[in-house]
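Structure first, then comments.
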Amino acid sequence: MLFHLGQEVAVIALLGFDLARAGAAPWLLLAPLCVAVGIHSLRQSGLARRRLVSARLESRLLPGYSPGRSRWRVILAGTSALFMGLALLGPVRGFTLREVERRGVDIVLCVDTSRSMLVKDLDSEASRLELAQRQILLLLDSLAGDRAALLAFSGDAREVAPLTRDKNALRWFLTTMGPEDNRRGGTDLGLAMEHALELFDGRTGAHEAIVLLTDGEDLEGHGLDMAHEASKRGIRVYVVGMGSDVGGKIPDGQRGFVKDSRGQEVVSKLDSTTLEAIASATGGIYLNARTPLALERIHKQHIAQLEGRAYQHGKERIPHDRFQWPLAMALLCMLMEVGLRDRKPRTPDSGTDAPRSQRA
C-alpha cells in the first residue's frame, strides 16, 4: 500500500498540479481581456499624441516618454490577471494522509400510500403522495453516509427497499410506490412503525431514526402505542404531515370521489394532533409539508446530529493547496505595473545650467 502511494505521489509531482476548482477556468479570460484593453488604450493615446504633436517634435515636447514602458505595463497587467486566474483554479500538489472514520445513521422512510394520499389539497397539480416522493428525492441528494430504507403502508405495510446507501436504487423503488399495491385500505401508523423497528438491528437507537410521511388518519389507533415502544429503544420518530386542515375529496380512480355508506363524498383532512403526539413521545419533531424543504430540514437539523454508526475506517488524502504561489506572482506583477511609469525618470543634464564665467 505504501509503495502504491509513493508511486502516486511521484506521478502527481511529474505531471504538475491538480485543480481543485476547475470550474473557475473562465476567469483565465481576464488575462487576454486586460491585454486587449491595454493595447486599445495604447493605440488611442498614440493617435491623440499624433494629433497634438508631430513625430519630429515628440522627443522635445514630451521628454522622457517611453512607448516601451507603456507596453510593459500592459504585459504586466495581463500577466497579473493570468496568475490571479490560476490562483482561483485552486492548484494543489501533494497530499497528507489522515485517519478517518465515516459514520452514518439508519433511516426508515415510511410513506403512507393509502388512497387518501391522492388528495390534492396541498398543491392543485400534485397529490400528497407525489409531494412526499419529491421530499424524499430531495433528501436522497443530501444523504452522505446514511443508509435509508423505504416502507409503504396503508392498512398493511410492506418493505419496498431494504437499508442501503444505493441512492439510485432508492430512487427507482420510490417510483413504484402507489395505492394500487395496497392489500388493505385505511391507515395503520402503528403497523408501519412496527415494521420499521424490525428493519433495525435492535442494538441501540443512537444511530436509528424513523420518518413518517402521512396525512395522519390513524384508523387503527395504535400509532401512539408503537411510538412509546420506539422511545423505549431510544429510536426517535420524525413526522412530515402531508395534508391540510381544510382537506380534500379522495379520488376513487374512476374520475369520481370516494363516498361513504350514506352516499356522501369523503373529505380527508390532516390529523396533525395525532402526528404531533407520536413525534413528541419519541423526542422527534413534527413539521407540516407546507414547511419549505421540511424533510431536508428534519435531516439536517436533527437526524444528521445523531451519534451515527461507524461503517468505514481508512485514510483520507488531504491535498496541499498551492494557490499562494500564483497569487504571490500576481501581486508582484501588479506592484511592478503600478511602479512602472510611462516616462523615464528625469536625470540632471551635465551639459546644461553650467555656471557662466564671471565678467572681467
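The values are calculated or read from the model by the stated rules, or taken from the named source; none is laboratory data. Everything numeric in this text was worked out from a predicted model, so none of it was measured. Glycine gets a Cβ as well: all are built from the backbone with ideal geometry, and neighbour counts include every protein chain shown.
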What is the residue count in the range 242-259 for residues that are charged (D, E, K, R) and either buried (at least 19 other Cβ atoms within 10 Å of the Cβ) or outside any loop (DSSP other than H, G, I, E, B) (or both)?
2
Run down Leu122, Leu86, Leu109, Leu138 and say which single residue is in a helix (DSSP H, G or I), buried (at least 20 other Cβ atoms within 10 Å of the Cβ) and in contact with a helix residue (DSSP H, G or I) (Cβ under 9 Å, 6 or more places away or on another chain).
Leu86
Evaluate the range 159-171: report whether one residue or more is over 20 Å from Leu129 (Cα atoms) and outside any strand (DSSP E or B).
yes
Would you be able to say whether some residue in the range 323-339 is surrounded by 14 or more Cβ atoms within 10 Å (Cβ to Cβ) and within 25 Å of the chain's Cα centre (by Cα)?
yes
Any residue that is at pLDDT 75 or above, farther than 28 Å from Ala25 by Cα and under 29 Å from the mean Cα position of the chain (by Cα) - is there at least one of those in the range 112-120?
yes
Only one residue in Arg262, Arg183 is part of a loop (DSSP other than H, G, I, E, B) and without any contact (Cβ under 8 Å) to a residue 12 or more places away in the chain. Which one?
Arg262
Residue check for Glu229: farther than 19 Å from Leu199 by Cα and either in the same structural domain as Cys110 (by TED's automatic domain parsing) or assigned to a helix (DSSP H, G or I) (or both)
no
Among the candidates Gly205, Gly256, Gly248, residue that is small (Gly, Ala, Ser), over 23 Å from Ala281 (Cα atoms) and at pLDDT below 90:
Gly256
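Residue-by-condition table, conditions (1) within 30 Å of the chain's Cα centre (by Cα); (2) within 21 Å of Glu307 (Cα to Cα); (3) without any contact (Cβ under 8 Å) to a residue 12 or more places away in the chain:
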residue: Gln133; (1), (2), (3): yes, no, no
residue: Leu137; (1), (2), (3): yes, no, no
residue: Ala144; (1), (2), (3): yes, yes, no
residue: Thr187; (1), (2), (3): no, no, no
residue: Val211; (1), (2), (3): yes, yes, no
I'd like the residue in the range 206-233 that is of a type in the set (Gly, Ala, Ser) and in contact with a helix residue (DSSP H, G or I) (Cβ under 9 Å, 6 or more places away or on another chain) and, out of all such residues, is surrounded by the fewest Cβ atoms within 10 Å (Cβ to Cβ).
Gly221
